[in-house]
Amino acid sequence: MTTPFLVISVATTGLFTDDYAPKLLEIAAVLVSPREDRAASSSRPGRFGCLVSHDEETFKAVQAQQAQRFHGITPELAASGFPEEEVCEGLKAWRKGLADILFGMNMSLGGWRAFNRDFVASVLNTPEWEDALGSYGMPGRCVMEEASEVMGVQGILSENWDGTFRYPSLKSTVRWLQGRGHKIPESTGRAEDNATTVGQVCLSLIKEREEAPERNVS
């Protein structure tokens, strides 16, 4: 695989349940180029990150308080963000600006990926976000699923109540890849940091497939 792609990561006030719909707190995107065997540099053109503004009421839910322990986004920090519609337009403008970078690489963009594809797609499941992501609004393959295949039996953490299996977490995947010699920093939980880590995980998984395809599990 040589086509550049975006890694999308979000921070929210929790997970979806029957009686709770999490709110978007932060979104980040990082351009990853497998052809150059690295995630985009730390220069701003290759990455986007922005907080979504919320008032203190948003953080009173138990789910929001639990999520805050993971990503560290406080009410004060969220207050410094921007309205979601402005963040959406900002991502759209940034994504269009990637055309110059990709033209210089003589390549087109191959879509977007996320470690937990279904969750991120659910959070961004509005016409506005789909428009911001452009013609590649549909996500590519879930990185969790790919990690599970490459890791084999070590990529299956436990069985769910319905007989399906949980895919590995980002932390367990990073540590597995680190044990195989890949230099990947662990994420702090913030969206942009998380997107950078996932981008490096993607590159490492691609390398694992190329170097040892016989380890892949169908």
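Rule-based calculations on the coordinates, nothing more; no lab input. Since the model is a prediction, treat every value here as computed from it, not as a measurement. In this analysis, Cβ positions are derived from the backbone assuming ideal geometry, glycine residues included, and neighbour counts consider all displayed protein chains.
Observations on the model:
- Straight Cα distances below 25 angstrom link residue 171 to the lysines 23, 183, 207, with same-chain residues fewer than 8 positions distant left out.
- Per-pair calculated FRET efficiency, R0 = 30 Å: residue 131 and residue 100 via Cβ, rounded to 0.05: 0.90
- Taking 0.36 nm per residue of separation and subtracting the current Cα-Cα distance, fully stretching the chain between residue 18 and residue 211 would add 65.2 nm.
- Using R0 = 22 Å, the C-beta based FRET efficiency linking residue 145 and residue 188 works out to 0.35.
- FRET efficiency, residue 172 to residue 92 (Cβ-Cβ, R0 30 Å, nearest 0.05): 0.30
- Label-to-label distance for residue 58 and residue 79 is 1.3 nm, based on points extended 7 Å past Cα in the beta-carbon direction.
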